[in-house]
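Asker: My questions all concern the structure below.
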Amino acid sequence: MPDTRLELLIADVVAKFAEKYASDPDIVVAAPGRVNLIGEHIDYNDGFVLPMAIERYTVIAAKVDPQNEATATLYSVDMDEQADISLVDPVKKENSHWSNYVTGVVDGMVKGKGFSIPGFQAVAKSNVPIGGGLSSSASLEVATATLIEAITGQTIAKVDKGLVCQKAEHDFAGVPCGIMDQFSSVLCESDHVLLLDCRDQSFQQIPFSNPDIVVLIINSEVKHELSGGEYAQRRAQCEEALEILGAESYRDVTLQQLQQKKDDFDEVVYHRAHHVVTEIARTVKTAEAMKKNAWQTVGELMYASHASLRDDFEVSCKELDVLVDIASKTDGVIGARMTGGGFGGCIVALVQGNKADSISDSICREYEEQTGVKPSAFMTRPGQGAHVIQS
Ligand code: GLA
């Protein structure tokens, strides 16, 4: 089925390009945001994750500019701002500027992968909600890498592309993220979820087998500001626990081994490790259940994941808990949990497609009654990983 929303977004970007640069673009690319069904905060712990692309994308249209050999001129429709980025010596801007995601990828492709990129003019626009934990920044990074491949006619292995984009996030945006977001935007396929092994970076495409189930994403519309430092702190606590366990990797740790060593741990650090070990097991079970069309089991595992993120890992917040609680009591909801880094952002729920609209309306209404905050929601099926639309 054609994705009309994506087609409209592309038409918009192409029209904006013509308006800004008085010509048509040669190249158009798209890269999606993602939602993680289960496997949270374990991508940086050698775990498994189970994300899918959402049908929300960042689109970039571009044309080589022979007048301008060493610079990319990129206009962001969302920011209503233009940035000039050196293609020879990319420099990071102050104050978390949006163009740093692009500059970081240029840097990785030029300095890390030896690309020589001709000057170009471009326009970018995204319909991935910003700041909702749906990887809007990864979609911009991966769209940029895909554009650079299309412009130069050279490609790199998909895993390397994910790594270049992750490095951009680390070095140019200052976020010590794992590999999930960028790999999802590169690797996901429509009608599939991605089972990614974050230890060896291998992956499987698992069919999202039931056409009658849709993914409902509800944005709590809250973002608690502590999130930046909390993420790095969780990573440090997980490393500390691994050291106490005397293990190289969480994949070598069983729940029993962890429980036997409980007395060696500070209580908080023990709970962090407990989340990691149990979430790895839940993610593997979820993938197996999905292969068997055992959606009830998938739902139960999602609720268990949420409880673990709330109680053991402490990255949920009141608003996300309220949303999951309401969802769990709503007829037609198979499972629900917070998704992404936490401290606000979105929940993901699997719901029966024929009731999806009324489910969404009733959860949103009740959430607003309980919290006074108006949420936003949308439904999606697994979207398509980064791709070239025109070149
Ligand atoms: C953020 C990070 C990811 C991952 C999630 C939590 O989205 O960018 O790498 O760690 O949080 O699962």
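The values are calculated or read from the model by the stated rules, or taken from the named source; none is laboratory data. It should be emphasised that the depicted structure is a prediction, and the values quoted were computed from it without experimental measurement. FYI the Cβ positions are ideal-geometry reconstructions off the backbone, even for glycines, and counts take in every protein chain you see.
Asker: Taking the stretch 348-358, which residues are assigned to a helix (DSSP H, G or I) and surrounded by 22 or more Cβ atoms within 10 Å (Cβ to Cβ)? Walk me through how you get there before you give the answer.
Answerer: Pass one, the stretch 348-358, residues assigned to a helix (DSSP H, G or I): 353-358.
Within the stretch 348-358, no residue meets the criteria.
Asker: Kindly evaluate residue 334 against the criterion of being in contact (Cβ under 8 Å) with a residue 24 or more places away in the chain, closer than 24 Å to residue 184 by Cα and not hydroxyl-bearing (Ser, Thr, Tyr). I'd like the intermediate steps shown before the answer.
Answerer: Values: in contact (Cβ under 8 Å) with a residue 24 or more places away in the chain: yes; closer than 24 Å to residue 184 by Cα: yes; not hydroxyl-bearing (Ser, Thr, Tyr): yes.
It is true that residue 334 is in contact (Cβ under 8 Å) with a residue 24 or more places away in the chain, closer than 24 Å to residue 184 by Cα and not hydroxyl-bearing (Ser, Thr, Tyr).
Asker: Before we move on, is residue 376 closer than 18 Å to residue 54 by Cα, surrounded by fewer than 22 Cβ atoms within 10 Å (Cβ to Cβ) and not acidic (Asp, Glu)?
Answerer: Values: closer than 18 Å to residue 54 by Cα: yes; surrounded by fewer than 22 Cβ atoms within 10 Å (Cβ to Cβ): yes; not acidic (Asp, Glu): yes.
Taking the combined requirement at face value, the residue satisfies it.
Asker: Looking at the stretch 139-163, which of the residues that are crowded, with 24+ Cβ neighbours inside 10 Å and β-branched (Val, Ile, Thr) is farthest from residue 128 (Cα to Cα)? Steps first, please.
Answerer: Applying the first criterion (crowded, with 24+ Cβ neighbours inside 10 Å) to the stretch 139-163 yields 139-148, 161-162.
Checking which are β-branched (Val, Ile, Thr) leaves us with 142, 144, 146, 148.
On the way: 142: 13, 144: 15, 146: 17, 148: 21 Å.
My answer is 148.
Asker: Which of the residues that make up the stretch 211-231 are of a type outside the set (S, T, N, Q), within 15 Å of the ligand (Cβ to nearest atom) and not in a loop (DSSP other than H, G, I, E, B)?
Answerer: Applying the first criterion (of a type outside the set (S, T, N, Q)) to the stretch 211-231 yields 211-218, 221-226, 228-231.
Okay, now just the ones that are also within 15 Å of the ligand (Cβ to nearest atom), so 217, 223-224, 226, 228-231.
Across the stretch 211-231, the qualifying residues are 217, 223, 228, 229, 230, 231.
Asker: Is it true that residue 95 is within 16 Å of the ligand (Cβ to nearest atom) and under 24 Å from the mean Cα position of the chain (by Cα)?
Answerer: Working: within 16 Å of the ligand (Cβ to nearest atom): no; under 24 Å from the mean Cα position of the chain (by Cα): yes.
Considered against the rule, which asks whether it is within 16 Å of the ligand (Cβ to nearest atom) and under 24 Å from the mean Cα position of the chain (by Cα), residue 95 comes out as no.
Asker: Of the residues that make up the stretch 192-203, is at least one modelled with pLDDT of 95 or more, more than 15 Å from the ligand (Cβ to nearest atom) and out of contact with any strand residue (DSSP E or B) (no Cβ under 6 Å at 6 or more places or on another chain)?
Answerer: Yes, the stretch 192-203 has at least one match.
Asker: I want to confirm something. Restricting to the stretch 57-75 and keeping residues that are β-branched (Val, Ile, Thr) and within 22 Å of residue 31 (Cα to Cα), which single residue is surrounded by the most Cβ atoms within 10 Å (Cβ to Cβ)?
Answerer: That would be 58.
Asker: Check the stretch 9-21 and report whether any residue there is within 16 Å of the ligand (Cβ to nearest atom) and modelled with pLDDT of 95 or more.
Answerer: The initial filter retains those residues of the stretch 9-21 that are within 16 Å of the ligand (Cβ to nearest atom), namely none.
The answer is no; no qualifying residue exists.
Asker: Out of 36, 45, which single residue is buried (at least 22 other Cβ atoms within 10 Å of the Cβ) and within 17 Å of residue 128 (Cβ to Cβ)?
Answerer: Details: 45 fails: within 17 Å of residue 128 (Cβ to Cβ).
Exactly one residue qualifies, and that residue is 36.
Asker: Scanning the stretch 334-347 for residues that are of a type in the set (A, V, I, L, M, F, W, C) and buried (at least 24 other Cβ atoms within 10 Å of the Cβ), which turns out farthest from the ligand (Cβ to nearest atom)? Talk me through it step by step, then tell me what you get.
Answerer: Here is the first cut: in the stretch 334-347, the ones of a type in the set (A, V, I, L, M, F, W, C) are 334, 336, 338, 343, 346-347.
Going one step further and asking which of them are buried (at least 24 other Cβ atoms within 10 Å of the Cβ), we end up with 336, 338, 346-347.
Details: 336: 16, 338: 10, 346: 11, 347: 14 Å.
Taking the candidates together, the pick is 336.
Asker: What residue, among those in the stretch 44-60 that are touching a Gly at 6+ places or on another chain (Cβ under 7 Å), under 14 Å from residue 282 (Cβ atoms) and outside any loop (DSSP other than H, G, I, E, B), is nearest to the ligand (Cβ to nearest atom)?
Answerer: Per the criteria, the residue is 49.
Asker: Moving on. Could you run through the stretch 141-182 and say how many residues are without any contact (Cβ under 8 Å) to a residue 40 or more places away in the chain and over 17 Å from residue 103 (Cα atoms)?
Answerer: So the count comes out to 5.
Asker: Out of all the residues in the stretch 210-228, is one or more crowded, with 16+ Cβ neighbours inside 10 Å and closer than 27 Å to residue 108 by Cα?
Answerer: Yes: the stretch 210-228 contains one or more residues that are crowded, with 16+ Cβ neighbours inside 10 Å and closer than 27 Å to residue 108 by Cα.
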